[in-house]
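Enquirer: Got a structure for you, questions after.
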Amino acid sequence: MNKLELLEILEDNARVTPEEIAVMLQSDPASVRRAIKELEKNKTILKYMTLVNWEKAGEEKVSAMIEVRITPQRDVGFDAVARRICRFPEVRSVRLMSGAYDLAVFIEGRTMREVSNFVATKLATIEGVVSTTTHFVLKTYKQDGVIVDDGEEDRRLMITP
């Protein structure tokens, strides 16, 4: 069984069953289950997720991307500061970047004030953080490969026998 194909299937739809995957990969469900367990155990599969359109659910959330410039530390580079930032519950993702800034930190909060307070009191005060620039998300069009709300109805013609 090709584990890369298995991972692609699960990445696209984590709800697909081992039986369905077995058909797709021309394998048996027991082999698929064993492969999934192994991939979970060795931390290749980190988490199964549901992508939620919180706006449609009636929940207001504020998202922001913060550019962070840091001074790398001897022997650990950017890793020590990045790991410290990762521990905050507001932080959704942290990525080391090339270019004008070092880390891209993605956070969520209930209000813009909550996000700005996080940046001012928690993020900017970390030793090694040189500067931050906050970009608030105004609207999400596509997230994790999914168009959030394309505003178009299905235009396919219904075929009846």
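Enquirer: Just the residues that are part of a loop (DSSP other than H, G, I, E, B) and surrounded by 13 or more Cβ atoms within 10 Å (Cβ to Cβ), please, taken from the stretch 69-86.
Expert: Pro72, Phe78
Enquirer: Among the residues that make up the stretch 32-42, is at least one of them under 18 Å from Asp144 (Cα atoms), open to solvent by less than 70 Å² (accessible area, probe 1.4 Å) and in contact with a helix residue (DSSP H, G or I) (Cβ under 6 Å, 6 or more places away or on another chain)?
Expert: Within the stretch 32-42, the first condition is being under 18 Å from Asp144 (Cα atoms), and the residues that meet it are none.
Checked the stretch 32-42: no residue is under 18 Å from Asp144 (Cα atoms), open to solvent by less than 70 Å² (accessible area, probe 1.4 Å) and in contact with a helix residue (DSSP H, G or I) (Cβ under 6 Å, 6 or more places away or on another chain).
Enquirer: Let me spell it out: the conditions are (1) over 26 Å from Gly128 (Cβ atoms); (2) in contact with a strand residue (DSSP E or B) (Cβ under 9 Å, 6 or more places away or on another chain), and Thr44 meets all of them except one. Which number is the exception?
Expert: (2)
Enquirer: List, please: which pairs have Cβ atoms under 6 Å, are six or more places apart or on different chains, and start with a residue in the stretch 65-79 that is in contact (Cβ under 8 Å) with a residue 24 or more places away in the chain and end with one that is surrounded by 12 or more Cβ atoms within 10 Å (Cβ to Cβ) and of a type in the set (D, E, K, R)?
Expert: Pairs that qualify, where the first residue is in contact (Cβ under 8 Å) with a residue 24 or more places away in the chain and the partner is surrounded by 12 or more Cβ atoms within 10 Å (Cβ to Cβ) and of a type in the set (D, E, K, R), are Arg69/Asp102; Ile70/Asp102; Phe78/Asp102.
Enquirer: Being over 16 Å from the mean Cα position of the chain (by Cα) and either buried (at least 16 other Cβ atoms within 10 Å of the Cβ) or more than 23 Å from Thr132 (Cβ to Cβ) (or both): is that true of Ala14 here? Can you show your working first?
Expert: Values: over 16 Å from the mean Cα position of the chain (by Cα): no; either buried (at least 16 other Cβ atoms within 10 Å of the Cβ) or more than 23 Å from Thr132 (Cβ to Cβ) (or both): yes.
Considered against the rule, which asks whether it is over 16 Å from the mean Cα position of the chain (by Cα) and either buried (at least 16 other Cβ atoms within 10 Å of the Cβ) or more than 23 Å from Thr132 (Cβ to Cβ) (or both), Ala14 comes out as no.
Enquirer: For the stretch 98-143: of the residues being within 22 Å of Asp75 (Cα to Cα) and among the charged types (D, E, K, R), which is least open to solvent (accessible area, probe 1.4 Å)?
Expert: This residue is Asp102.
Enquirer: Exactly one condition in (1) over 19 Å from Glu90 (Cα atoms); (2) open to solvent by 90 Å² or more (accessible area, probe 1.4 Å); (3) touching a residue at least 12 places away in the same chain (Cβ under 8 Å); (4) part of a loop (DSSP other than H, G, I, E, B) is false for Glu60; which is it?
Expert: (1)
Enquirer: Criterion first (closer than 20 Å to Gly145 by Cβ, surrounded by 12 or more Cβ atoms within 10 Å (Cβ to Cβ) and not aromatic (Phe, Trp, Tyr)) does Met24 satisfy it?
Expert: Details: closer than 20 Å to Gly145 by Cβ: yes; surrounded by 12 or more Cβ atoms within 10 Å (Cβ to Cβ): yes; not aromatic (Phe, Trp, Tyr): yes.
Taking the combined requirement at face value, the residue satisfies it.
Enquirer: Counting only residues that are closer than 16 Å to Arg87 by Cα, in a helix (DSSP H, G or I) and touching a residue at least 12 places away in the same chain (Cβ under 8 Å), how many does the stretch 116-135 have?
Expert: Result for the stretch 116-135: 4.
The values are calculated or read from the model by the stated rules, or taken from the named source; none is laboratory data. Keep in mind that this is a model prediction, so the values were computed, not measured. When we count neighbours, we look across all protein chains shown, and the Cβ atoms used for this are built from the backbone with ideal geometry, even at glycine. Each accessible area value is taken on the protein alone, full model and side chains, heavy atoms only, with ligands, DNA and RNA left out. Shrake-Rupley method; radii C 1.70, N 1.55, O 1.52, S 1.80 Å.
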